[in-house]
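The values are calculated or read from the model by the stated rules, or taken from the named source; none is laboratory data. The structure displayed is predicted, hence computed values, not measured ones. Glycine gets a Cβ as well: all are built from the backbone with ideal geometry, and neighbour counts include every protein chain shown. Just the protein is used for accessible areas: all its heavy atoms, side chains included, with ligands, DNA and RNA removed. Shrake-Rupley method; radii C 1.70, N 1.55, O 1.52, S 1.80 Å.
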Amino acid sequence: MTYSIELNGYEEADHWKAINEKNVYLSYTGDFAPHNMGHMHMSCEMLLVEQGGADYVIDGSRYTLEPRSLLIIGSMDLHRRTLTDLPFIRYGLTLMPGFLESLPIVNEHLGVFKSPSPEVFAKLAPLPDQVFDEVREIFLALGEETISVRPGTSSMVYAHLVRLAVILSRLLNSDPVAPLLTPAYTSVAEIREYIDSNFAEPLSLESLSEKFFMSQATISRRFAARFGTNISNYICSVRITSASRLLETTNGSVTEIAARVGFHSVNTFIRQFRDKIGVTPLQYRKQYEQHLHAREMRHMA
């Protein structure tokens, strides 16, 4: 493997946009000063630790990362981090769930792309040296294939993701499941895609029922069974994730951002943002600005 990736070689705004929009995205990130922050995003995230350590909390469960650890964070799962051993250097591979679901063979192993229990995570922390090298090789290969489109890029990305999915399934003793191509699966996947694209519009179980010609009870049951959350919670999570990006990349007021992501009450927005992220929108923006300042100072040093 000749491809290499520059440490912190990205613009912050482009980075945060990519982890919520790109089907496959590789970053190589180093933190050299304490910085604790919580967030969530549309993609599944896989963190492969090269140096240092950190404690992550995902939906209330704690995960201790050390060199050669691999942490998988499921789509839309709130996660908070405390750095414990600096510098904390890791590869980050993010994958959009809809893209994974569209790939034959890969979609038989979707369970490995969700946040594991702490007991299951123990199988990934640390990885054996040979497995760590193999997973890093796949990460770098995916990074190389996605920096520019070439003949055969889509086939190579698919091949690398199949290999990664099978390696993880073996590590986690996860049995493949039947490909999710039934009409019921297709319908709830379409509903989720619609929410992802139209979260700023008025959305409710009633309106989705009318649009997709399904009863509210059927939508609720199938959506929860497929994605592990109810419709209302998913809509809120998408809106809060989008609001986080706007807080990072714009100077818009909290009221303006609330309206842009679909909240009609700014007080409801603030309350739900705090419930999801753990801080208010303004506190989140301040933490992000402090993070940028610390990174700028490190580059100037």
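Of all residues in region 130-158, those being of a type in the set (Gly, Ala, Ser) and open to solvent by 80 Å² or more (accessible area, probe 1.4 Å) number 1.
Looking across region 111-129, just one residue is hydrophobic (A, V, I, L, M, F, W, C) and open to solvent by 50 Å² or more (accessible area, probe 1.4 Å), and that is Ala122. Evaluation of Ser237 against the conditions (1) under 21 Å from the mean Cα position of the chain (by Cα); (2) free of Cβ contacts under 8 Å to residues at least 12 places away in the same chain shows that the sole unmet condition is (2). If you go through region 256-272 and keep only what is farther than 18 Å from Leu203 by Cα and surrounded by 14 or more Cβ atoms within 10 Å (Cβ to Cβ), you end up with just Ile270. Assigned to a helix (DSSP H, G or I), under 30 Å from Asp14 (Cβ atoms), open to solvent by 40 Å² or more (accessible area, probe 1.4 Å) and of a type in the set (A, V, I, L, M, F, W, C) - does that describe any residue in region 190-206? Checked against the condition, which is being assigned to a helix (DSSP H, G or I), under 30 Å from Asp14 (Cβ atoms), open to solvent by 40 Å² or more (accessible area, probe 1.4 Å) and of a type in the set (A, V, I, L, M, F, W, C), region 190-206 yields no hits at all. Consider region 273-295 and keep the residues that are open to solvent by 10 Å² or more (accessible area, probe 1.4 Å), touching a strand residue (DSSP E or B) at 6+ places or on another chain (Cβ under 8 Å) and in a helix (DSSP H, G or I). The one that is farthest from His35 (Cα to Cα) is Gln287.
Yes or no: region 133-144 includes at least one residue that is more than 20 Å from Val49 (Cβ to Cβ) and either part of a loop (DSSP other than H, G, I, E, B) or in contact (Cβ under 8 Å) with a residue 12 or more places away in the chain (or both). Yes, there is a match, as at least one residue in region 133-144 is more than 20 Å from Val49 (Cβ to Cβ) and either part of a loop (DSSP other than H, G, I, E, B) or in contact (Cβ under 8 Å) with a residue 12 or more places away in the chain (or both).
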